[in-house]
1. Starting from residues that are within 17 Å of LEU9 (Cα to Cα) and of a type outside the set (Phe, Trp, Tyr), keep the ones in the stretch 23-57 and report whichever is farthest from the chain's Cα centre (by Cα).
2. Which residue out of MET10, MET54 is at pLDDT 95 or above and surrounded by 10 or more Cβ atoms within 10 Å (Cβ to Cβ)?
Amino acid sequence: MFGVDLSELMVILVVALVVVGPERLPAVARTFGHLWGRLQRYVNNVKADISREMAIEEFRQLQQKINRDVMSFEREANQAVQAVGEQMQPLDGAAQPPAKPAVQDDSAARQAQPDPAPEQKNPEPR
C-alpha cells in the first residue's frame with residue numbers, strides 16, 4: 001500500500017522523540033505496537049469472515065442448483081414413466097401372451113410306483 005523508506009522512518013522517529021520525549025517514547029512505541037497488532041488481527045478476522053461468507057454463499061448456490069437439477073430429473077423421469085404407461089395401456093386390452101406349458105412333476109409319478117421290497121437282514125445269533 002504505502003512504502004516507508006529508511007529516511008522517512010528516521011524522520012518519523014525524530015518527530016516522535018521531540019513530541020513525546022525520550023522518557024515516554026518506549027512506552028508509546030510499545031502501545032503503538034500492541035495497537036498495530038490488534039488492528040492487523042482485526043483486519044485478518046474480517047477478511048476470514050468475508051471469505052467464509054462467500055464460501056457459504058457459493059455452497060448455497062450450488063445446493064440450489066443441485067436441487068433444481070434433481071427436480072428437473074424427477075420431472076423428466078415421471079414424464080417418461082407416464083409416456084411408457086400410456087404406450088402400455090393399449091397392450092393391456094390385447095391378447096394375452098400364451099401361457100407357459102406346464103412342466104410335469106416327476107414326483108407324482110415316483111409316488112405311484114411301489115417301493116422295492118425292503119431287504120431282509122439275517123438276524124445275528126446271540
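1. Step one: of the stretch 23-57, the residues within 17 Å of LEU9 (Cα to Cα) are 25-26, 28-30, 32-33, 36.
Add one more test, that the residue is of a type outside the set (Phe, Trp, Tyr), and what stays is 25-26, 28-30, 33.
Working: LEU25: 57, PRO26: 55, VAL28: 53, ALA29: 51, ARG30: 49, GLY33: 45 Å.
Per the stated criteria, the residue is LEU25.
2. Numbers: MET10 fails: at pLDDT 95 or above.
Only one candidate passes the filter, namely MET54.
The values are calculated or read from the model by the stated rules, or taken from the named source; none is laboratory data. Since the model is a prediction, treat every value here as computed from it, not as a measurement. Cβ sites come from the backbone with ideal geometry, for glycine too, and all protein chains shown count toward neighbours.
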